Amino acid sequence: MSRHYEMPFGAECRKDGSVRFRLWAPAAREVEVELYGADGGDPAVKLPLQRSDGGWFELITCAAPAGTKYRYKIYRSGENRSAQDPSAQDPSDQDAGQLVPDPASRFQPHDVNGPSELIDPNAFAWKDAAWRGRPWEEAVIYELHVGTFTPQGTFAAARERLDYLRELGVTAIELMPVADFPGQRNWGYDGVFMFAPDSSYGRPEELKELVQAAHRRDMMVFLDVVYNHFGPEGNYLNVYAPQFFTQRHCTPWGNGINFDGAESRAVRDFFIHNALYWLEEYHFDGLRLDAVHAITDDAKPHLLTELAEAVHQSIPPERQVHLIVENDLNQAHYLRQGEHCQPQAYTAQWNDDIHHALHVLVTGEHDGYYIDYAERTVEHLGRCLTRGFAYQGETSKLREGKARGESTAGVPLTAFVSFLQNHDQIGNRAFGERIASLADARALRAAAAITMLAPSPPMLFMGEEFGAISPFFFFCDFQGELAAAVTNGRRNEFARFAAFSDPAVRERIPDPNAGATFAASKLDWTALEQPAHREWLELYRELLRLRREFIVPRLAAACRLTSDYAIHGARSLTACWQFTDQVELRLAANLGPQVAQIPAMHVPAAVIYSSPEINVDDLQRGMLPAWSVVWWLQS
C-alpha cells in the first residue's frame, strides 16, 4: 500500500502523472520553477507559475518526473519581464531573480541551499497496513539522536538496533528532529525544511523503512518537531513571504513566527499540515512538540489547540496517535481528558520537574534552573510522583518570583513523562556529562527504580540503559561569522557560573562547530563489553520487565488514580497509588547517604522490586538503608 499526504503547497505528484507546484509568495511579482537534470547542472526547463489570489503561485506540468531537482526563482522588483518594451524599464529597477528551494520540499539532497528533489510518496510500498499503534499507558520511550546513536549515524543503521531496544523493553523510540538543517551535523533544532528528512541521515524511503521496521517489532515511533522558530541558515522565507514572521513577538531565536497577525492563515496551515504530513505520509505514531512555551499566539483558538483538533479529526479513531509537548509553563489545561479518558488536546508533557528534583537529590547540584528545587526537594519529588507537576502555580526563584504552572487536578499521571536524562539535560552542560559521571551508582540505581516503575511513563536517553559515560555535547555545522558567533555565544552562556568565571576556563568548552565535538558525542557501544555496563543493562531490562508485568496492566483502567505521599525526614518518602481493583501500589524510598527512619511497615510478599541493601527486618523496624527503594502491591 502507499501513503501520500496531499498538501495545498509544495510539489505534489498527481495520479495522472503530472506535478503541481504551488508556492505562497505574497512579496513576489513573478515566480518560475527551474527544473534540473539528474546531475543537478544547468536547468533544462524554466516554467512560469501563474499568480492567483492571496499571494499564491501555481503550475501544473508533466515536465517533471519523480527525482527531478528543482528550484523556484523569485522576482520581486521591476516591471513585468514579459513587457513588450523592456527598454522602457529603468535598468536600476531590474530584478535578476533569486533562486530558492521549496519551503515544503520533501527532500534536500544537497543541503539547505541546494535544489529540492521531487519525491513521489506513492513509490514507497508500505507493508504495515495492520498497524494501529499502541495504548499510551504502555509507553516506554527511548529518545535518540540519529546522527550519534550509531557509528554510521543513519536511519538504516538505527534500524539495525531495533531488536536490541525491543529486548530492553522499549515500546516507543523518539527521534530528535530530522527536518533538514544546515551542514552535516546538528541536534536538529536548527531545521529549515520542515518536510524534508536531513540527507545526512539518509533518503525519505530509509526513514520510512525505519518506521516500518519498528512497527514490525510492535514498537511505536515518535518524531520531535520544532514549531517555534526556523534555523539561522538556509531559510529563504523572508525573500518572498516576510509575512511568515512578526516583530510583535520575540523569541530566543529572533522575531516570532506570525501565527496571529495579518495573513497568518497560510502560516498556521503550514505547521498544521506539517504535523499531519509526518503522521500520515510517514506513519509516525506521535509527535513531540518542542518548547511550545516559545510559540506566541494571541489568536483564538491558539495554534496548539487548532493543531491538536486537526490531528484528532484527521486520524481514524481506530488508530492510536499521541501528541506530546515540552512546555516550561506547565499549562495543565492542554493535558485534560474527556469523559472516556481520551486526551482532548495533548496526551502528555515532558515533566522537567521530576528530572530536576531527582537530579538535585542524586548529584547535589543546585545552580541555574536547579535553584527552584534546592529546597523541599523530596516534596517536589513526591508531588511529581503523585500529582504530576511540582510547580502548579507556586512562585519560582528562577523566574524572579513569578508564578509557574497550573493545577493538575483531574489530569492522569500517565500525562507526565518522567526521565533521569534527555538531550537537553546532558547537552546543555558545558562538558556534556551524563548523570552516570555525576552521581553515585547507588543513588542512580535508586532513581532509576523510581522512574521506571512509577505510574507515569518513563523515558530513557540513548545509552542510559547501560550507564553510558560518553558525553553528549551541543554540536552544529555552521560556517564563517555564524559559526564564530555560535561558538562564542555557547561559551559566554556559562560566564554567570562561578566555575566558568575565568575566560581561560570557558575556552576549554568544546567548540560546537568542530567535527571532533560531534565525533565525541557518538554513543560508545563498546562500553557493553565491560561488566559494569552490562550490569546496568540487566538492571534496566529487569525494571522494564517488572513494569510490563505489574504496572502497565493496571494503568489501562486507571485514568483516575487516587494517590498520595508522605515525607519522612530530609531525604525519604513513602507514596501510594490506588487502582480500580482496590490494589495499592506502594513505594518507600530513601534518597540520601544515611539510613532513614520511616514509619514501621509490614511489607507483604508481593514485593515488586527492592534495592539489594534492603531486608524485611529493617522495614519492620522503620529503617531504610541509604539510597534504597522498595516497591510492592498491597490489597
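The values are calculated or read from the model by the stated rules, or taken from the named source; none is laboratory data. It should be emphasised that the depicted structure is a prediction, and the values quoted were computed from it without experimental measurement. Ideal geometry is used to build each Cβ from the backbone, glycine not excepted, and the neighbour counts take in all protein chains shown.
Output the residue which, of all residues in the range 492-539 that are in contact with a helix residue (DSSP H, G or I) (Cβ under 8 Å, 6 or more places away or on another chain), modelled with pLDDT of 95 or more and part of a helix (DSSP H, G or I), is farthest from A157 (Cα to Cα). If we take residues in the range 492-539 being in contact with a helix residue (DSSP H, G or I) (Cβ under 8 Å, 6 or more places away or on another chain), modelled with pLDDT of 95 or more and part of a helix (DSSP H, G or I), then L539 is farthest from A157 (Cα to Cα). The condition (being touching a residue at least 60 places away in the same chain (Cβ under 8 Å) and either closer than 26 Å to W577 by Cα or part of a strand (DSSP E or B) (or both)) is satisfied by just one residue among T414, T395: T414.
All of (1) of a type in the set (G, A, S); (2) modelled with pLDDT under 90; (3) within 19 Å of H568 (Cα to Cα) hold for S628 with one exception: (2).
Residues in the range 611-635 that are in a strand (DSSP E or B) and buried (at least 19 other Cβ atoms within 10 Å of the Cβ): L624, S628, V629, V630, W631, W632. Do we have any residue at all in the range 545-560 that's out of contact with any Lys or Arg (no Cβ under 8 Å at 6 or more places or on another chain), in a strand (DSSP E or B) and surrounded by 17 or more Cβ atoms within 10 Å (Cβ to Cβ)? No - not one qualifying residue is present in the range 545-560.
Scanning the range 258-300 for residues that are buried (at least 21 other Cβ atoms within 10 Å of the Cβ) and under 14 Å from the mean Cα position of the chain (by Cα) gives A275, W278, F284, D285, G286, L287, R288, L289, D290, V292.
Is it the case that R268 is outside the structural domain of E143 (by TED's automatic domain parsing), out of contact with any Pro (no Cβ under 6 Å at 6 or more places or on another chain) and at pLDDT 95 or above?
yes
Contact annotation: residue pairs with Cβ atoms under 7 Å, 6 or more positions apart or on different chains, pairing a residue in the range 425-439 that is within 12 Å of L358 (Cα to Cα) with a partner that is surrounded by fewer than 19 Cβ atoms within 10 Å (Cβ to Cβ), are A439/T363. Within the range 194-212, one or more residues are in contact with a Leu (Cβ under 6 Å, 6 or more places away or on another chain) and not hydrophobic (A, V, I, L, M, F, W, C). For the range 595-611, check the following and say yes or no: at least one residue is hydroxyl-bearing (S, T, Y), farther than 30 Å from H340 by Cα and in the same structural domain as S437 (by TED's automatic domain parsing). Looking for residues that are hydroxyl-bearing (S, T, Y), farther than 30 Å from H340 by Cα and in the same structural domain as S437 (by TED's automatic domain parsing), one finds none in the range 595-611, hence no.
For the structure I just gave you, tell me whether P65 is surrounded by 15 or more Cβ atoms within 10 Å (Cβ to Cβ), within 35 Å of the chain's Cα centre (by Cα) and either among the acidic types (D, E) or not in a strand (DSSP E or B) (or both). Against the criterion (surrounded by 15 or more Cβ atoms within 10 Å (Cβ to Cβ), within 35 Å of the chain's Cα centre (by Cα) and either among the acidic types (D, E) or not in a strand (DSSP E or B) (or both)), P65 does not qualify. The strands (runs of 3 or more DSSP E) found wholly in the range 213-276 and carrying at least 1 residues that are more than 25 Å from E174 (Cβ to Cβ) and touching a Leu at 6+ places or on another chain (Cβ under 9 Å) occupy 245-251.
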